[in-house]
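The next block holds one structure in the form of structure tokens; read it before the comments.
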Amino acid sequence: RGSSYEGGFPASALASLHPDALSAELEPKTAAWLSRVAAGEDVEPVVANVREGVKSVNAFKSFAAVDDASGVHRWLRVLSGELAERLVEDRVMLRRQPRHLRLEYRAGLKSTHLRDWHAGRTGELTDVKSKSMGFPPTATNRLAAAEKAWRSSDDDAKAGDLQEKNLRRCVEDAAAAIAATATRAFDSLGRDALPSTRVGLSATDFAPTPAEGGGIAKFFSNQPTDAAADDCRRMGGTGKTSASCAPVPERTEGRRKVTALDAFLASKTRDPERREAAEAGGEAYG
């Protein structure tokens with residue numbers, strides 16, 4: 001059980017066993033499955049996990065040995081740009097965001113690395129190490145802005161060019177934040193990471209993106225007015241209940257979101273209700 005590197009056995013050792021030997025020790029179903037696996041056969045269909053997505057979004061690069069940290073920094077900037085682009089698409093499609101960033105690195109190759117690679121002894125190749133850290137908040141915020149620009153460009157074809165420029169700028173900002181975090185993490189490794197022959201970045205530990213209108217803004221929007229709060233405080237020690245302390249039923253019929261057009265019209269109209277709703281950035285009633 002496990003890889004040959006961890007003390008298990010390779011598929012070649014399993015393939016050398018006669019099917020009858022497996023059947024003598026295991027259930028027929030298990031023996032038949034192991035025989036197929038040893039031969040590289042799998043009848044199970046490949047099904048994409050579209051709903052949850054992959055466990056990590058990655059960007060890696062192997063290269064000739066680099067002795068100078070500045071050369072590794074350059075590759076980290078390139079990989080950060082690739083990772084940021086993939087994360088925007090992942091965020092739009094799956095509505096999720098990463099909570100951790102993992103830096104993977106490999107120092108100088110062992111003298112037997114190439115020979116082991118050609119022989120298929122992957123468990124004996126030069127070790128790839130990793131260092132995990134929190135995903136940079138600045139990158140998360142800029143990726144959220146990029147997602148908004150992406151969706152806006154889909155909704156408004158006329159504003160497509162402007163939104164595309166905004167999207168590109170947001171992705172570049174996110175990439176810069178990722179690169180800065182990864183560079184600091186690599187530099188903290190010291191000479192143990194040099195000469196470097198491979199670096200990689202992985203975004204992991206995904207969580208659903210916050211729903212629009214949630215968070216602290218939603219909390220404050222449900223608070224009572226100053227007058228109602230004063231009334232509640234006055235009634236607090238009497239055991240009585242003030243009508244102003246009771247939750248006010250929220251109007252739901254005929255409601256729609258305030259748009260940029262409403263804001264424009266509010267500046268041109270004398271209708272106080274429309275102006276107040278537009279300035280508050282809340283919801284208007286039709």
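The values are calculated or read from the model by the stated rules, or taken from the named source; none is laboratory data. Remember, predicted model here, so these are calculated numbers, not experimental data. Here the Cβ positions follow ideal geometry from the backbone for every residue, glycine too, while neighbour counts run over all protein chains shown. Side chains included, ligands, DNA and RNA excluded: accessible areas come from the protein's heavy atoms. Shrake-Rupley method; radii C 1.70, N 1.55, O 1.52, S 1.80 Å.
Could you list, in sequence order, all residues of the range 166-179 that are over 12 Å from residue 81 (Cα atoms) and in contact (Cβ under 8 Å) with a residue 40 or more places away in the chain?
Here is the first cut: in the range 166-179, the ones over 12 Å from residue 81 (Cα atoms) are 166-167.
167, the sole residue that qualifies.
Listed here are the residues, each with its yes/no results for (1) assigned to a strand (DSSP E or B); (2) open to solvent by less than 40 Å² (accessible area, probe 1.4 Å); (3) without any contact (Cβ under 8 Å) to a residue 60 or more places away in the chain; (4) among the β-branched types (Val, Ile, Thr).
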position: 33; (1), (2), (3), (4): no, no, yes, no
position: 41; (1), (2), (3), (4): no, no, yes, no
position: 54; (1), (2), (3), (4): no, no, yes, yes
position: 63; (1), (2), (3), (4): yes, yes, no, no
position: 70; (1), (2), (3), (4): no, no, yes, no
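With the structure loaded, tell me whether residue 77 is among the basic types (Lys, Arg), under 23 Å from the mean Cα position of the chain (by Cα), closer than 24 Å to residue 195 by Cβ and open to solvent by 60 Å² or more (accessible area, probe 1.4 Å) or whether it fails that test.
Details: among the basic types (Lys, Arg): yes; under 23 Å from the mean Cα position of the chain (by Cα): yes; closer than 24 Å to residue 195 by Cβ: yes; open to solvent by 60 Å² or more (accessible area, probe 1.4 Å): yes.
Answer is yes for this residue.
Which one of 179, 149, 203, 207 is at pLDDT 90 or above and out of contact with any strand residue (DSSP E or B) (no Cβ under 7 Å at 6 or more places or on another chain)? Don't jump to the end; show me each part of the working.
Working: 149 fails: at pLDDT 90 or above; 203 fails: out of contact with any strand residue (DSSP E or B) (no Cβ under 7 Å at 6 or more places or on another chain); 207 fails: out of contact with any strand residue (DSSP E or B) (no Cβ under 7 Å at 6 or more places or on another chain).
So the residue among 179, 149, 203, 207 that is at pLDDT 90 or above and out of contact with any strand residue (DSSP E or B) (no Cβ under 7 Å at 6 or more places or on another chain) is 179.
Going through the range 90-109 one residue at a time, which ones are among the charged types (D, E, K, R) and either part of a loop (DSSP other than H, G, I, E, B) or exposed (fewer than 14 other Cβ atoms within 10 Å of the Cβ) (or both)? So that I can check it myself, show each step before the final result.
As a first pass, look at the range 90-109 and keep what is among the charged types (D, E, K, R): 90-91, 95-96, 99, 102, 104, 106.
Residues satisfying the conditions are 95, 99.
Of all residues in the range 1-31 being outside any helix (DSSP H, G or I) and modelled with pLDDT under 80, which is nearest to residue 120 (Cα to Cα)?
Residues of the range 1-31 outside any helix (DSSP H, G or I): 1-3, 7-10, 16-18, 26-27.
From what is left, the residues that are modelled with pLDDT under 80 are 1-3, 7-10.
Working: 1: 18, 2: 16, 3: 13, 7: 16, 8: 16, 9: 13, 10: 10 Å.
Per the stated criteria, the residue is 10.
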